[in-house]
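To start, the structure under review is shown below, and the notes come after it.
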Amino acid sequence: MKTTAFFTRILSWLTGSKLTVDNSVVRELDLDRFLGSWYEVARFDHFFERGMSQTKARYVLRDDGNIDVINTGVKNGRPKTAKGLAKLTDIPSLLRVSFFGPFYSDYRVMLVSVDYRFMLIGSGSDSYLWILSRTPQLAGSDRAAILNEAKARGYDTDKLIWVKQG
């Protein structure tokens, strides 16, 4: 057990991953309800979406069982699109997503509302966090619930960028 923990720490250090938050996933994810379009309501800042507004994600099931990920947004007045691939894992709410060839990252569904109105998405570190919604804006009570969940997990919600949706 100590050996596993040691190697996990070494791998984390080598990859730059931080493990300072609770990024555990929900127990169940209904893939059919997860699929479709989501507005990115808020996110942590990162280079690949910096300066973007009107960001959305669309998840489409492929014939091979994987998921096409189509992210769209507007940067400097111009529409942008990024296409990726999500692979399912043995844990339904933990996907492996790639936008850059053979390099995959964790996509962790940490919270999803009972009616699949909103989600809290994390990664393998504390550097990435997204709040997704089926609508461009979250209701006040939904926003409070999702922020409370993120804070309880150790995320610094003051770092969230609230996305302009139009």
>> Give me the extension gain from R78 to V114: residue separation times 0.36 nm, minus the current Cα-Cα distance, reported in nm with one decimal.
In response: 9.4 nm
> Which whole-number value in Å² is the accessible area per residue of the stretch 90-153, probe 1.4 Å?
Replying inline: 47 Å²
> Taking 0.36 nm per residue of separation and subtracting the Cα-Cα distance, what length does fully extending R134 through D22 add?
Replying inline: 37.9 nm
>> I need the phi-derived Karplus couplings for the stretch 91-97: 6.51 cos²θ - 1.76 cosθ + 1.60, θ = phi - 60°, integer Hz, Gly and Pro marked x.
In response: 9, x, 9, 10, 9, 10, 10
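How many percent of the alpha carbon pairs in the stretch 76-134 exceed a separation of 14 Å?
Values: 1087 of 1711 pairs.
So the pairs more than 14 Å apart make up 64 percent of the total in the stretch 76-134.
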>> Taking a cut-off of 22 Å, what percent of all Cα-Cα pairs in the chain are separated by more than that?
In response: 44 percent
> Based on DSSP H runs of at least 4 residues, each adding -39500 (n - 2.57), what is the mean residue ellipticity at 222 nm of the chain after dividing by all its residues, to the nearest 500 deg cm²/dmol?
Replying inline: -5500 deg cm²/dmol
>> I'd like the Karplus ³J(HN,Hα) series for the stretch 124-141: coefficients 6.51, -1.76, 1.60, θ = phi - 60°, whole numbers in Hz, and an x wherever there's a Gly or Pro.
In response: x, 9, 8, 7, 10, 7, 9, 10, 10, 9, 6, 10, x, 10, 8, 5, x, 5
> Taking a label point 7 Å from the Cα of D63 along the Cα→Cβ vector, which residues of the stretch 82-100 have an amide N closer than 18 Å to it?
Replying inline: 86
>> Give me the extension gain from D30 to K151: residue separation times 0.36 nm, minus the current Cα-Cα distance, reported in nm with one decimal.
In response: 41.1 nm
> To the nearest 10 degrees, how steeply does helix 2-15 sit against the main Cα axis of the chain, on a 0 to 90 scale?
Replying inline: 40 degrees
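The values are calculated or read from the model by the stated rules, or taken from the named source; none is laboratory data. Note that the structure is predicted; figures quoted are calculated from it, not measured. Quick reminder, even Gly has a Cβ in these numbers, built from the backbone with ideal geometry, and neighbours come from all protein chains shown. SASA here: full protein model, heavy atoms, side chains in, ligands and nucleic acids out. Shrake-Rupley method; radii C 1.70, N 1.55, O 1.52, S 1.80 Å.
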